[in-house]
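A single structure is presented below for examination.
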Amino acid sequence: MRTKLLLFSLTLLLGSCHSIDSTAPSHAVLVAQHTIEPEFAVLLASSGNSASWCWEKSGDTGFAELELSSNSYSWKLNDYNSHRKDSSIITLQPENTLTWHCLTTTHAKLVAGLAPPLPVLQIDSTEYTNLHHFLVEMTSPRYNSVVTHWVGEPIPVQVDNFVSGFINLSDALSHATNIWNEAFGYTVFEVNQFIPWGVRLIYTPGMQSPPLYIRGVRLDDSGHPMLMHIHAGDNYSNNHTNIWINRAMVHELAHAACLWGHSRDRNHILWENGPIVDTPSDDEIRAIRLWRAMPDGTSLLDYSLTDF
Ligand SMILES: [Zn+2]
């Protein structure tokens, strides 16, 4: 019975992947193997190894195999004629769409390592389908959802020594830095006055609108963030505003970690109507971890937004 079931599912698979041009079968194989960050390898491994994929290009189809190791992944495209020079779109379709995102890419991206597999990762928020969906929305402003890493890590934060009335703005930013590092479990931001890149607090006397905001100031030649300024004025100055300035600083550091958008979820520090929580949510931590782990230059828009 078990064998029959296996044969049946194998037939279904064969049917779905079989080359349309059966008169000219090719047995060429394309293997694209790439090293990845250990954290990304762990994420991939948690979704299980999946041998059952199909590729499709210009009407041709074939089996694709995904192999994962502790520091690399490889795509193996069977019956794929890599001599055919073209810029056609390649679709990699997983058998299990609940586990993996469908991937739409090009030959060049496959070869360059800009088409890693992406597991469907859970999100607590009911406003988004999954973690990828959330990350796409948070990074479409400014980064067009293309993974863009800072020029170095940890990200230095220059807090200086600014006081507005009863509020020590610099202490608030230091506090926010600690909150992020505790949430991550490692040092992602580091208070450091003497490094010319990173995040810098800028204070201008007087009221400003919005009351606190971050601005990208400098990129390197490849478009990676080098310097961002957090601008503060005197909007938070009386002794009842401590809670609000602390939340606002944590919010701005989420932007500094490349989540440039605002969230529809009121439980997120990035909530579009202003933060009403003190710390980043697990969703935001997971999103930033994924962003940091994926290869620089990978487009999140290459992955299907839906589960089917
Ligand atoms: Zn904001």
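Looking at segment 241-259, which of the residues that are β-branched (Val, Ile, Thr), in a helix (DSSP H, G or I) and farther than 20 Å from PRO141 by Cα is farthest from the ligand (Cβ to nearest atom)? Step through it out loud before you land on a result.
So in segment 241-259, the residues β-branched (Val, Ile, Thr) come out as 241, 243, 245, 250.
Add one more test, that the residue is in a helix (DSSP H, G or I), and what stays is 243, 245, 250.
Subsequent filtering for residues that are farther than 20 Å from PRO141 by Cα retains 243, 245.
Numbers: ILE243: 17, ILE245: 14 Å.
Top of the filtered list is ILE243.
Could you tell me whether any residue of segment 285-306 is in the same structural domain as ARG142 (by TED's automatic domain parsing), buried (at least 19 other Cβ atoms within 10 Å of the Cβ), closer than 27 Å to TYR186 by Cβ and in contact with a strand residue (DSSP E or B) (Cβ under 9 Å, 6 or more places away or on another chain)?
no
So GLU190 ticks every box in (1) farther than 23 Å from LEU131 by Cβ; (2) crowded, with 20+ Cβ neighbours inside 10 Å; (3) away from the ligand (no atom under 12 Å from the Cβ) but one. Which box is left unticked?
Looking at each condition in turn, GLU190 falls short on (2).
Any chance you could count how many residues in segment 260-273 are in contact with a His (Cβ under 6 Å, 6 or more places away or on another chain) and either outside the structural domain of SER145 (by TED's automatic domain parsing) or over 15 Å from VAL136 (Cβ atoms) (or both)? Even if it seems obvious, please write down each step before you answer.
Let us first name the residues in segment 260-273 that are in contact with a His (Cβ under 6 Å, 6 or more places away or on another chain), namely 269-270, 272.
Keeping just the survivors that are either outside the structural domain of SER145 (by TED's automatic domain parsing) or over 15 Å from VAL136 (Cβ atoms) (or both) gives 269, 272.
Of the residues in segment 260-273, 2 are in contact with a His (Cβ under 6 Å, 6 or more places away or on another chain) and either outside the structural domain of SER145 (by TED's automatic domain parsing) or over 15 Å from VAL136 (Cβ atoms) (or both).
Which residues, taken from segment 209-234, are assigned to a loop (DSSP other than H, G, I, E, B) and either touching a residue at least 40 places away in the same chain (Cβ under 8 Å) or within 16 Å of the ligand (Cβ to nearest atom) (or both)?
Passing the criteria: SER209, PRO210, PRO211, ASP220, GLY223, HIS224, GLY233, ASP234.
Something else: Within segment 193-208, take every residue that is more than 15 Å from the ligand (Cβ to nearest atom), of a type outside the set (Gly, Ala, Ser) and not in a strand (DSSP E or B) and give me the one that is surrounded by the fewest Cβ atoms within 10 Å (Cβ to Cβ). Explain how you work it out, then say what you get.
To start, the set of residues in segment 193-208 that are more than 15 Å from the ligand (Cβ to nearest atom) comprises 193-198, 200-207.
Retained after the next criterion (residues that are of a type outside the set (Gly, Ala, Ser)): 193-197, 200-205, 207.
So of that shortlist, the ones also not in a strand (DSSP E or B) come out as 193-197, 204-205, 207.
Working: GLN193: 11, PHE194: 6, ILE195: 13, PRO196: 10, TRP197: 18, THR204: 11, PRO205: 9, MET207: 10.
Ranking the qualifying residues of segment 193-208, first place goes to PHE194.
The values are calculated or read from the model by the stated rules, or taken from the named source; none is laboratory data. Everything numeric in this text was worked out from a predicted model, so none of it was measured. Cβ: placed from backbone, ideal geometry, glycine included. Neighbour counts: every protein chain shown.
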